[in-house]
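Following: one structure in structure tokens, then a few remarks.
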Amino acid sequence: MEALYQADEKILRNVSLNQVFQTLVDVAVDMLHADRSVVFAWDEHQTKVIPRVSHGFAPETLKVMEFAKGEGIVGQVLATGKPAIITNLAPDDLRPDIRAAIVAEGIKSFVHLPIVVDHKVVGVFNVGFIGPDFIAEDTVRLFSALVNRASISIANMELFEQTKDLAVMEERNRLARDLHDSAKQKAFAALAQLGTVRGILNGNGNSVTLHLSEAENLVTDVIQELTFLVQEIYPIALQEKGLATILREYIFEWENRNDITVKFSTRSERRIPLDVEQAIYRVSQEALANVARHSHARRVDISLVYNGDSVQLSLADDGCGFDASVKSQGMGLRSIRERVSSIHGTVQVQSAPGHGTRILVQVPTKG
């Protein structure tokens, strides 16, 4: 009981899964007098079971203790969630490389205990002894109690992480509301005031009118950027409706605002990861902003094609175009490239003076 109490104290101080696992094997050997201990868990690709942490085993032994899904006693415990108790090990039943390693370690008996969190086996806790028939019922009960404490600690850590994520989301929502209700509304008010001054001047004072036009353009850009920022912080519309629907709605508003015709088409439409939808939506907004500012286009063709493991966005205008080799690093295009690169996608820009511009974005939809 004293050992379990001390183990509880150690486990409660852990802040990661590996730290909990390491505490398990350390307590097993240092305080509960096991000869060897190891925790097996899936590798990062979920393709094989490997020793995650250990205490007492030689590095050469750990190198061979890897298992395919369902392989060996470890695989069975991981699959079924039921413990395995071997009181007198028969090495001939083991895989040859593991047999040689276990013989070298001198292990004669061991117990595999599943580490279960929220009805899911996250690892297998192994406790080994160099003597046969060394695992009494009390021993199993003691190590099972230790595993149960570890499982509770892991569950609490996961709950804490979920709570942190919820707190971050709530803060993002608050910030988005503040930006929308305060900064954006003030920008609209400033724009209205500038329009009033323009009306009062009514063409008198051309130099002043020129400055007013520039100020109106700057405030319009600020409103657009605030809109982008709010949508990025608070992507509730994307979550509820999906990329294609939200993009259609945005294009409709953009057409009316800029008097440029847009033809939008989709193929094999489906939902994809939210971060990809956000990035494609933001790229579309930035590309259309470039069209409105620089292209003098009359028409834009946008297509969104969903392939098996990727999505492709194409945006082509019939505007004035530019020399892509000279202007490809303009601020708008640079922002598009950075955003697409952040989700492991690619961007192609095709343009020439007098021949419009085409932007082709390809983004993987699977990790």
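For residue 215 and residue 33, compute 0.36 nm times the residue count separating them, minus their Cα-Cα distance, and round to one decimal in nm.
57.8 nm
Quick check: residue separation of residue 95 and residue 307 times 0.36 nm, minus the Cα distance between them. What number comes out in nm?
72.0 nm
How much of residue 17 can a 1.4 Å solvent probe reach, expressed as accessible area in Å² and rounded to 10?
60
When the accessible area of the stretch 34-169 is split by element with a 1.4 Å probe, what percent falls to carbon and sulfur?
After summing per-atom areas, the C and S share lands at 57 percent.
Label points 7 Å out from Cα along the Cβ direction at residue 344 and residue 258: separation in nm?
Each label point is offset 7 Å from its Cα along the Cβ direction, giving 3.1 nm.
Which of rounded, prolate or oblate describes the stretch 278-367 when judged by the alpha-carbon gyration tensor and an a/c cut-off of 1.5?
prolate
From the phi angles alone, apply the Karplus equation (6.51, -1.76, 1.60; θ = phi - 60°) to the stretch 256-267 and give each ³J(HN,Hα) in whole Hz, x where the residue is Gly or Pro.
5, 6, 10, 6, 10, 6, 10, 9, 10, 9, 10, 9
Among the listed pairs 48/82; 63/366; 82/366; 82/108, give every one whose C-alpha distance is greater than 25 Å.
63/366; 82/366
Starting from 0.36 nm per residue, how many nanometres of slack lie between residue 43 and residue 334 once their C-alpha separation is accounted for?
Here the segment from residue 43 to residue 334 would lengthen by 101.0 nm.
To the nearest 0.05, how large is the calculated FRET efficiency for residue 156 and residue 66 if R₀ is 35 Å and r is the Cβ-Cβ distance?
0.70
Taking a ≥ b ≥ c as the square roots of the Cα gyration tensor eigenvalues, with a/c under 1.5 meaning rounded and otherwise prolate when a/b beats b/c, else oblate, which class fits the stretch 2-153?
Here the stretch 2-153 falls in the oblate category.
Sequence-distant or interchain residues sharing an amide H contact under 5 Å with residue 300, placed H: which?
261, 262, 263
Residues of the stretch 266-311: accessible area per residue at 1.4 Å, in Å²?
Heavy-atom SASA per residue in the stretch 266-311 reads 44 Å².
Taking the Cα-to-Cβ direction at residue 202 and at residue 239 and moving 7 Å from each Cα, how far apart do the two end points lie in nm?
Going by the 7 Å Cα→Cβ label model, 5.2 nm.
What residues qualify as long-range amide H neighbours of residue 34, i.e. H under 5 Å apart, gap of 5 or more or another chain, H built at 1.01 Å from N?
When sequence neighbours closer than 5 places are left aside, the close amide H contacts are 29.
The values are calculated or read from the model by the stated rules, or taken from the named source; none is laboratory data. This one's a predicted model, so the numbers in the text were calculated from it and none came from an experiment. Every residue, glycine as well, gets a Cβ built from its backbone with ideal geometry; the counts of neighbours run over all protein chains shown. Accessible surface areas use protein heavy atoms only, side chains included; no ligands, DNA or RNA. Shrake-Rupley method; radii C 1.70, N 1.55, O 1.52, S 1.80 Å.
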